[in-house]
1. For the range 61-82, what are the residues that are open to solvent by less than 10 Å² (accessible area, probe 1.4 Å) and outside any helix (DSSP H, G or I)?
2. Would you pick out the residues in the range 189-209 that are under 24 Å from LEU15 (Cα atoms) and either free of Cβ contacts under 8 Å to residues at least 60 places away in the same chain or surrounded by 14 or more Cβ atoms within 10 Å (Cβ to Cβ) (or both)?
3. Part of a helix (DSSP H, G or I), touching a residue at least 24 places away in the same chain (Cβ under 8 Å), of a type in the set (S, T, N, Q) and out of contact with any Ser or Thr (no Cβ under 8 Å at 6 or more places or on another chain), is that true of SER289?
4. Looking only at residues in the range 83-121 that are surrounded by fewer than 17 Cβ atoms within 10 Å (Cβ to Cβ) and not hydrophobic (A, V, I, L, M, F, W, C), which one is nearest to ASN27 (Cα to Cα)?
5. Within the range 218-259, track down each residue that is charged (D, E, K, R) and within 18 Å of LEU155 (Cβ to Cβ).
6. Could you check the range 263-288 and list, in sequence order, the residues that are surrounded by fewer than 24 Cβ atoms within 10 Å (Cβ to Cβ), on the phi < 0 side of the Ramachandran plot and not charged (D, E, K, R)?
7. Can you find a residue in the range 48-60 that is at negative phi, surrounded by fewer than 21 Cβ atoms within 10 Å (Cβ to Cβ), at pLDDT 85 or above and of a type in the set (A, V, I, L, M, F, W, C)?
8. Can you tell me which residue within the range 325-380, out of those that are charged (D, E, K, R) and without any contact (Cβ under 8 Å) to a residue 24 or more places away in the chain, is nearest to GLY43 (Cα to Cα)?
Amino acid sequence: MSDTKSIYNLQFGLLCLSSFLFFSSFNMIIPELPAYLESLGGGEYKGLIISLFTLTAGLSRPFSGKLADKIGRIPVMIFGAVVCFVCGFIYPLASSVFLFLLLRFFHGFSTGFKPTGTSAYVADVVSASRRGEAMGILGLCGSLGMAGGPAIGSLLANHFSLDMMFYASSVSAILSIIILAGMKETLEDRQPFQISFLKLKRDELFEPRVIAPCVVLLLTAFSFGVILTITPDFSDELGIQNRGLFYTFFTIASVAVRFFAGKASDKFGRIQVLKVSTTVLFIGMLMLSLADSVEFFLTAAIVFGLAAGMNTPTIFAWTIDLSHEKHRGRGMATMYIALEIGIGLGALLSGWIYANDPGRFIFAYGLGAILSLFAFAYLFFVPRHRLATSA
């Protein structure tokens, strides 16, 4: 593929629009889920809202990666979006803590499949010299969904009902499926689905080539798990009516920097950009641990968003750099497993540390800050051949 080939074509545009709608779908409900679970009598299980979701996503990654390399990128993406569509209609029927948590577990299949297929598709259609730029734009569209989804979800919940919010989530998911149906498959030598594809060999569980970006992602994604779990309660503590406001501020900041960060990683290298992003992440989490006003809280959201906007497209592009072209699905799946482990641990541990005690916010956010420093140190001290960007 020519390195000068433009990434701005119809297929890439449709992929970005589908990603926007998909991320809008499952992020739309996140700010209201802690209060919803508490209304069911499960306030002590708030840490499981995100961790169960990410557990299923992580467990399904080896399967989605293998299937993306066997039957195609688009079928894998469609399956993930269908799960979001179905779950949105079932949430209003989950009238007990057990059923709610069970649904969160199954909802995780959505992100276990859709982003894996999406990232492999991008790797197929974008040249190596523009991967950072492409992942920045794709991430920008996903971030717009992450920003708009929570704000719209909370608005619907406040002015209409939680059921309306859940149904709107399903509508967004089905729209992302309709778009995918009109796209061209990029995987050559596709095979019809076989049950045997669901049997995994040991070497199909993860891609060893991408361990270095996975370590950095796990350590930095921990902070996102913390954010998703306790920030809605922190918003209540500060008297912010719309629990999605923090997500809107951090995602706008993330969107503003993603395109430039992606291009910078193409020009200056993945490692240099990640050293900056992990430093900014440390500052953002430290600010959150010390926040005592709405203004300081939202400023911290902006700093966190800048870090996320630099971090995510760079790690995604780095993972593609290191992946074998015949195993890109597996490589991206391995990266997403690290993402889910990081988010899941962040959610679980922050929920346990917080324990519905506002005085403990500082410790939960502070742990995220410490792990971001570990990521920074890893980039400095790990042997250079482990960080090499040539596949």
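The values are calculated or read from the model by the stated rules, or taken from the named source; none is laboratory data. These figures come from a predicted structure and were not determined experimentally. With ideal geometry, Cβ positions are generated from the backbone for all residues, glycine too; neighbour counts draw on all protein chains shown. For accessibility, only protein heavy atoms count, side chains too; no ligands or nucleic acids. Shrake-Rupley method; radii C 1.70, N 1.55, O 1.52, S 1.80 Å.
1. The answer is GLY72, and nothing else.
2. Hits for the range 189-209 are ASP189, ARG190.
3. Details: part of a helix (DSSP H, G or I): yes; touching a residue at least 24 places away in the same chain (Cβ under 8 Å): yes; of a type in the set (S, T, N, Q): yes; out of contact with any Ser or Thr (no Cβ under 8 Å at 6 or more places or on another chain): yes.
Criteria met by SER289.
4. It comes out as PRO92.
5. Initial filter on the range 218-259 (charged (D, E, K, R)): 233, 236-237, 243, 258.
Matches in the range 218-259: ASP236, ARG243.
6. Those that are surrounded by fewer than 24 Cβ atoms within 10 Å (Cβ to Cβ), on the phi < 0 side of the Ramachandran plot and not charged (D, E, K, R): ALA264, PHE268, ILE271, GLN272, VAL276, THR279, VAL280, PHE282, ILE283, LEU286, MET287.
7. No - not one qualifying residue is present in the range 48-60.
8. ASP357
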